[in-house]
Amino acid sequence: MVDEVSALNTAVKMIQEGIRPPVVYAATGLAKQKLRQMYQEIHGKPAIRGRVPETAHRRLKSFMAVMDATLFFRIYKDLAGHKLFRVMDSNLMIDAYRLYKESVAVHRIDATTAWFLARDLGEKTIEIRRCRLCNNEYLYDKRSDFMQTCLLCRT
């Protein structure tokens, strides 16, 4: 019972931020139809249907989006600490995403992208690297043209 209430609370927070039901399902395990209905009730319209790109690197399609993803990562890391690489906490991810939104005038990443980024960091499909030149941490994914060098000095 407590787990289901916790999952429902997490689902509500995720859907309020616009995360699509298939991603909320992956995070909570709640029934897909219930999640679609919840999305409709919260947003007043049905969720967009269709495939969701399932990795952060496929969703980060510009240098500026990667910069925002890096800002989100830093906020998430500050909230999650070492837990960041051990377990995916969707509540912490939403809290970090909300802080990210408060920090920037233009949101270049959405909550779904933030969720995939948090998941990929935990699964280590995206790495955190430290620049040899400026010592800045940056997101690295060999599959992305925008995530192979330091964002500050581009080395």
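Worth a mention:
- Of the criteria (1) out of contact with any strand residue (DSSP E or B) (no Cβ under 7 Å at 6 or more places or on another chain); (2) in a loop (DSSP other than H, G, I, E, B), which one Met147 fails: (1)
- For Lys101, the requirement of being closer than 23 Å to Arg129 by Cβ, of a type in the set (D, E, K, R), outside any loop (DSSP other than H, G, I, E, B) and without any contact (Cβ under 8 Å) to a residue 24 or more places away in the chain is not met.
- Where helices (runs of 4 or more DSSP H) sit wholly within the range 1-65, those with at least 2 residues that are over 30 Å from Arg154 (Cβ atoms) occupy 2-16, 21-28, 32-43.
- Any chance Thr28 is closer than 23 Å to Thr125 by Cβ, of a type in the set (S, T, N, Q) and in the same structural domain as Glu127 (by TED's automatic domain parsing): no
- The range 104-116: number of residues that are over 23 Å from Tyr25 (Cα atoms), touching a residue at least 12 places away in the same chain (Cβ under 8 Å) and either among the aliphatic types (A, V, I, L, M) or in contact with a Phe, Trp or Tyr (Cβ under 9 Å, 6 or more places away or on another chain) (or both): 2
- Failed item, numbered, when Glu127 is tested on (1) modelled with pLDDT of 90 or more; (2) of a type outside the set (Ser, Thr, Tyr); (3) within 22 Å of Gly18 (Cα to Cα): (3)
The values are calculated or read from the model by the stated rules, or taken from the named source; none is laboratory data. What you see is a predicted model, and the numbers here were worked out from it, not measured in a lab. Quick reminder, even Gly has a Cβ in these numbers, built from the backbone with ideal geometry, and neighbours come from all protein chains shown.
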